[in-house]
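Encoded as structure tokens, the structure appears first; notes follow it.
Just so it is clear, none of the values below were taken in a lab; they were calculated from the coordinates. From a predicted model like this one, the values you see are computed outputs, not experimental measurements. We place every Cβ from the backbone using ideal geometry, glycine too, and count neighbours over all the protein chains shown.
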2 protein chains.
Amino acid sequence: MTQPSKKYVVGVDVGGTKLAVGAMPSDGSREIAVRSELTLAAEGADAVVARIGRIINEVIAATMAETGASRDAFLGVGIGSPGPLDRVKGLVITTPNLGWTNFPLRDRVSAEVGLPATLDNDANCATLGEWWVGAAKGARHVVGMTIGTGIGGGLILNGELYHGASDVAGEIGHTTIDSTGRRCKCGNYGCLEAYASGPATAERAREALAGGEPSSLLALCGGDPSNITAQMVYEASKAGDALAYQVVQETARFIGTAIANLLNIFNPEVVVLAGGVVQAGDQLFAPVRAEVRRRAFKPAVDACRIVPGALGGSAGVVGAVATFLAQHPA
Amino acid sequence: MTQPSKKYVVGVDVGGTKLAVGAMPSDGSREIAVRSELTLAAEGADAVVARIGRIINEVIAATMAETGASRDAFLGVGIGSPGPLDRVKGLVITTPNLGWTNFPLRDRVSAEVGLPATLDNDANCATLGEWWVGAAKGARHVVGMTIGTGIGGGLILNGELYHGASDVAGEIGHTTIDSTGRRCKCGNYGCLEAYASGPATAERAREALAGGEPSSLLALCGGDPSNITAQMVYEASKAGDALAYQVVQETARFIGTAIANLLNIFNPEVVVLAGGVVQAGDQLFAPVRAEVRRRAFKPAVDACRIVPGALGGSAGVVGAVATFLAQHPA
């Protein structure tokens, strides 16, 4: 059935490992045809841009075939990428995982497919996606945290993404929760990311194992603790392993402390947690909420829901569409 | 000389100890006739409201006499008060220092003087005052911190005061910088306020003295450490006292850690510090800036000035005028 009046936007989520691309109607009514391929950044920026362009065209073609839309119905392309970025110029300033420096990703992709494009931080996109059609729909003030290999964040204040003076805003993973604590990759000490990212949770499990306590984690990792992942820790904890349970409780306390700070600073209506951490489920969310109640002001706690993201792995693509629409209303 | 076209707003800063009232032209061009009296909260809310009304009328009369303005030129009254507040209803929800609960301060003052009134948090007012005509003039994104007996905060984002979902936003003093650290009056552990408020700085000096190190502070406090204040610590440090110097450096590191968090979260153009801490001068500001550089992301550091407030004790009155004008443009 044709929907001649509908307009569409393509969202692109550029990751160090994977590219994900999808098209959505500008009214957010549904997600169509998300495709994912390896980024293969080692092949160089030109090859990655060509690959992105090809997948965008495939997604547009598939969407046209499925909906009867014409090519004219596609308004443009929203791109989400790891930062730091210069949004105004459309540059990726540096990304260790992609090896780019001051790369004009927005204009290169735009030229490749002949459509206008926008560029924003991947964590900002994920947060805006959850706000547009996901777990934070309808809220005015939202904090989004993506907890996986790193910890990223996005802020929606007064119904708009907040970027700060030079697009650095929202680096929640790099806020200090223990001023004399663990060294973080960013150079600072005691950052949330150094305690509660996936690799940090795995590292704390390894440290606990080294203490000699018995744990099913040893079997799960095939006897080699260097193989331990945060997912293994969550699994072992769910299955009743005492050591893994303690590690998950600690992760929850660290995340809860950081969220309590954000509640006292921002007083948001919703905090959305996304990334690998969502798979931990209630064994993590329950103690996170308890830690927040213990630390934050009651009116801020009462005003706020702390929820898992609803969009899973497609939050970045959906959010990239939303960031395009925020700059080019349909 | 008469200025018949000018409009005026009265600002009221309600403190636990002192009331301060002043009138300003709505163009912010100058401050006129600030009067200060004791609050005498123990006399009860009715007496305090009557006192506020009398001072407002005195300030209006003095301003009329000085400028030739008519009573019609006075648009209204902005009130700043310790929180938590309900801004929409104009209520002071609770203030331990004033002994009020759900007190309709805004409407009571409005009725007392026959002018419209607004109510906002005192730390928000101070920040807005510095943004309107003080040290943060012209910036889009500003964090204000008032460091005295407590540590309050205000946020100006996209050129507007940010209040959050339930008027709790900006409680910077109650963000955790050491998750297992000192107990704070708010019930949380490791809050900035528990380390870097005036009383906390004095307490750390007492703890250092108890270690037996010699210090000129002992003479300054008349031999009784319970008399030590943060101002004494700043004075002794300026005069070369080694123990006091270390205490001030620690205060700077705590404040710098909290500001670094705010830079990574908000990426503001200006952080304004106000309150008693400003008297410490460069001996405090230099190590605060160094700690921020050590901890925050470089693009956020590069985008931001960290400066003392320019309005001194009148920031609250000026800001109360500004919060009125934000809701009733002249």
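Close amide-amide hydrogen proximity is noted between A:Thr118 and A:Val77, A:Gly78, A:Ile79, each under 5 Å apart and 5 or more residues distant or on a separate chain (H modeled in the peptide plane; Pro and chain starts excluded).
The dipole here belongs to segment A:138-309: it is taken about the Cα centre, uses +1 on the Cβ of Lys and Arg and -1 on the Cβ of Asp and Glu, and is about 360 debye.
What net charge is computed for the residues neighbouring A:Gly150, neighbours being all others with C-beta under 11 Å from the C-beta of A:Gly150, Lys and Arg scored +1, Asp and Glu -1? Numbers along the way, then the final one.
Values: positive: A:Lys185; negative: A:Asp122, A:Glu171, A:Glu193.
Taking every other residue near A:Gly150 into account, the sum is -2.
The slack in the chain from B:Asn102 to B:Gln283, taken as 0.36 nm per residue of separation less the alpha-carbon distance, amounts to 61.0 nm. Normalised by 2.2 N^0.38 Å, where N is the number of residues, the C-alpha radius of gyration of segment B:202-285 stands at 1.21.
Can you tell me what the convex hull of the Cα atoms of segment A:138-309 projects to on average, as an area in nm²?
Values: hull surface 40.7 nm².
Convex hull of Cα atoms, orientation-averaged projection: 10.2 nm².
Taken residue by residue and averaged, Cβ atoms of other chains lying within 10 Å of the Cβ of B:248-260 number 2.
Calculation over all alpha carbon pairs of segment B:25-97 in 5 angstrom steps from 0 returns a P(r) of 3, 12, 20, 23, 17, 14, 9, 2, 0 percent. Ranked by how many other Cβ atoms sit within 10 Å of their own Cβ, fewest first, the residues A:Met64, B:Met145 fall in the order A:Met64, B:Met145. A Gaussian network model of chain A, with springs between Cα atoms under 10 Å, assigns the largest mean-square fluctuation among A:Ala169, A:Ala45, A:Ala65 to A:Ala65.
Which FRET efficiency, nearest 0.05, do A:Thr94 and A:Ser29 yield, Cβ-Cβ r, R0 35 Å?
Working: r = 37 Å, r/R0 = 1.06.
The computed FRET efficiency comes out at 0.40.
Label positions at A:Ala326 and A:Glu37, each projected 7 Å from the Cα along the C-beta direction, are separated by 2.9 nm. Taken along the Cα-to-beta-carbon direction at a fixed 7 Å, the label points for A:Arg71 and B:Glu160 span 4.2 nm.
Given Cα positions, please report Rg to Rh for segment A:112-172, the hydrodynamic radius being the Kirkwood one.
Details: Rg = 12.4 Å, Rh = 12.2 Å.
Taking Rh as the inverse mean 1/r over Cα pairs, Rg/Rh reads 1.01.
With neighbour counts taken as other beta-carbon atoms within 10 Å, the residues A:Asp107, A:Asp224 rank, fewest first, as A:Asp224, A:Asp107.
I want the antiparallel fraction of DSSP beta bridges within the protein assembly as shown, as a percent rounded to 5.
Working: 55 of 95 bridges.
Of all bridge pairs located within the protein assembly as shown, approximately 60 percent are antiparallel.
Compute the normalised compactness of segment B:66-173: alpha-carbon radius of gyration over 2.2 N^0.38 Å, N being the residue count. Numbers along the way, then the final one.
Working: Rg = 15.0 Å, N = 108, 2.2 N^0.38 = 13.0 Å.
Taking the Cα Rg and dividing by 2.2 N^0.38 Å, one obtains 1.15.
In the assembly of identical copies, A:Arg293 has its label point, taken 7 Å from Cα in the direction of the beta carbon, separated from the corresponding points by 4.5 nm (ascending, one decimal). Angle check, please: helix A:242-266 long axis (alpha carbons) against the longest principal axis of chain A (alpha carbons), in degrees 0 to 90, nearest 10. Taking the Cα atoms of chain A, the angle to A:242-266 is about 60 degrees.
Among the listed pairs A:Lys18/A:Lys185; A:Lys6/A:Lys137; B:Lys18/B:Lys89; A:Lys137/A:Lys298; A:Lys185/B:Lys238, those whose Cα-Cα separation exceeds 28 Å are A:Lys185/B:Lys238.
Sorting the segments A:175-183, B:74-82 by their mean number of nearby beta carbons within 10 angstrom, highest to lowest, gives B:74-82, A:175-183. Relative contact order of chain B: 20 percent, from C-alpha pairs under 8 Å at least 6 residues apart in sequence. Considering only B:Leu217, B:Leu273, B:Leu105, the mean-square fluctuation computed in a Gaussian network model of chain B, springs between alpha carbons under 10 angstrom, is largest for B:Leu217. Sorted shortest first, the separations between the A:Ala239 label point and its copies elsewhere in the assembly read 6.8 nm; each point sits 7 Å from Cα along the Cα-to-Cβ line.
Projected onto planes of every orientation and averaged, the convex hull of the alpha-carbon atoms in the protein assembly as shown covers 34.3 nm².
When all alpha-carbon pairs of chain B are counted, what percent fall beyond 30 Å?
Every Cα pair in chain B considered, those over 30 Å come to 37 percent.
Compared with the dominant Cα axis of chain A, that is its longest principal axis, helix A:198-210 is turned about 20°.
Suppose a student asked you for the relative contact order of segment B:158-292, using Cα pairs under 8 Å spaced at least 6 residues apart; what percent would you report?
Rounded, it is 20 percent for segment B:158-292.
Remark: segment B:312-320, residue by residue, has Karplus-estimated 3J(HN,Hα) of x, x, 8, 4, x, 5, 4, x, 5 Hz, where x stands for each Gly or Pro and the curve is 6.51 cos²θ - 1.76 cosθ + 1.60 at θ = phi - 60°.
Three principal axis extents of segment B:259-330 based on alpha-carbon atoms, in descending order, are 43, 26, 15 Å.
Net charge in the neighbourhood of A:Ala47 (other residues with Cβ under 14 Å of its Cβ; Lys, Arg +1, Asp, Glu -1) is -1.
The modelled label-to-label distance between A:Arg140 and B:Asn227, using points 7 Å beyond Cα along the C-beta direction, is 5.1 nm. Within 10 Å of the Cβ of each residue in B:185-192, the mean number of Cβ atoms contributed by other protein chains is 4.
Please give the net charge around A:Glu269, taking every other residue with its beta carbon less than 12 angstrom from that of A:Glu269, where Lys and Arg add +1 and Asp and Glu add -1. Here the charged neighbours net out to +2.
Mean partner shielding of peptide A:298-308, defined as the number of other chain Cβ atoms within 10 Å of each residue Cβ, is 3.
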